[in-house]
Amino acid sequence: MKKILYLLFILMLSITVYGCGDDKLDKVKVAEVTHSVFYAPQYVAINLGYFKEEGIEIELINAGGADKVMAALLSNDIQVGFSGPEATIYVYNNGQTNYMINFCQLTKRDGSFIVSRKQEDNFTLENLKGKSILGGRAGGVPLMNLEYVLKEAGLTVGRDKAGYDVLVRTDIQFNAMAGAFIQGEADYTTLFEPTALALEKEKQGYVVTSVGKYSPEVPFTSYYTTKEFLEDNEDLIQRFTNAIYKAQQFVINSSDEEVAKAIHPSFSDISLEDLTIVVKRYREADVWCSSPYFSLDGFNRLMDIMEEANELEKRADYNKIVTNKFCE
């Protein structure tokens, strides 16, 4: 009888410990700039349990724009922001004492695709001459990089209706671009996946090329947090970075189908077949980093693009707003 009671006690204890396991996880709110397959390693880290292995539970929020991510971080509604690091440069240059520090880079190239109203099998950037394209929010990396790519191709770019080869429109909010394009706004638009494929499925648009095909390597998206939060939570940031690194390695070393299966829970409204197509498109565009390392060359290249777009009054200090301590 004593033996039976002892075994019951051990069983109840194990159930209690198991049931309380999630309570011991550090909960971290992360705001992403948008929800896209472009950020596949992030969803791999969530769905394959890499964050939980590091003792972290992620609450992911779709902020719908880098400006909104930054607003949430500045108001302490979240702990980690995820967007183009241009937002951190703006905050630092504005004199914020509790400025943002980038600690983990996720993507290294533009993840947007150019979508046309018709199929164009032999598309080149010259096809945009005399046309208009929805480019995104003024001051955002997608817009600035698009304009940089067009200029590098020898096209002149403007944001009004006269005197330029390509009219790049900035009057449509990022999250509303697909809907605006369907409603007849502009000749082309730039979209992330899986939104671009969704338009193709509805025969409302056709992907003709990736912007990343023409763009240089830049820190297109990264994770960042406030200087104070980072200083107070170095162990947490280290574990967060560990999880992302595991996911980056999984994405780099796995097939398109394996990646699609891993991220499918985050895109349950899309068929596995379509998701595999999108993963393949991003792999061909060579957008994913193999490690969280945020290079000085990439940072300077990003600021070159920002200066070219007349969005940067002074260059920020790399050693202040970037740290590679956690990826090393």
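The values are calculated or read from the model by the stated rules, or taken from the named source; none is laboratory data. Worth saying up front: this structure is predicted, and the values here are computed from it rather than measured. So basically every Cβ, Gly included, is an ideal-geometry build from the backbone, and we count neighbours across all protein chains shown.
Observations on the model:
- Identity of the residue in region 68-100, over 14 Å from V322 (Cα atoms) and among the charged types (D, E, K, R), that ends up surrounded by the most Cβ atoms within 10 Å (Cβ to Cβ): K68
- Index of the failed condition, I252 passing every other in (1) surrounded by fewer than 17 Cβ atoms within 10 Å (Cβ to Cβ); (2) within 30 Å of N324 (Cβ to Cβ); (3) over 20 Å from the mean Cα position of the chain (by Cα): (3)
- The one condition in (1) more than 21 Å from S132 (Cα to Cα); (2) assigned to a loop (DSSP other than H, G, I, E, B) that K246 fails to fulfil: (2)
- Pick from region 99-111, criterion modelled with pLDDT of 95 or more and either of a type in the set (S, T, Y) or part of a loop (DSSP other than H, G, I, E, B) (or both), ranking: farthest from L74 (Cα to Cα): K108
- Of all residues making up region 280-328, the number that are among the basic types (K, R), assigned to a helix (DSSP H, G or I) and within 22 Å of I237 (Cβ to Cβ): 1
- If you go through region 246-281 and keep only what is among the polar types (S, T, N, Q) and farther than 25 Å from L199 by Cβ, you end up with Q248, Q249, N253, S254, S255.
- Test: G81 is modelled with pLDDT of 95 or more and either on the phi < 0 side of the Ramachandran plot or hydroxyl-bearing (S, T, Y) (or both): yes
- Extreme residue, nearest to S295 (Cα to Cα), among residues of region 37-88 that are touching an Asp or Glu at 6+ places or on another chain (Cβ under 8 Å) and among the charged types (D, E, K, R): E86
- Scanning region 115-126 finds one or more residues that are in contact (Cβ under 8 Å) with a residue 12 or more places away in the chain, over 21 Å from N62 (Cβ atoms) and in a helix (DSSP H, G or I).
- Residues of region 262-275 include none that is outside any helix (DSSP H, G or I), within 30 Å of V322 (Cβ to Cβ) and among the hydroxyl-bearing types (S, T, Y).
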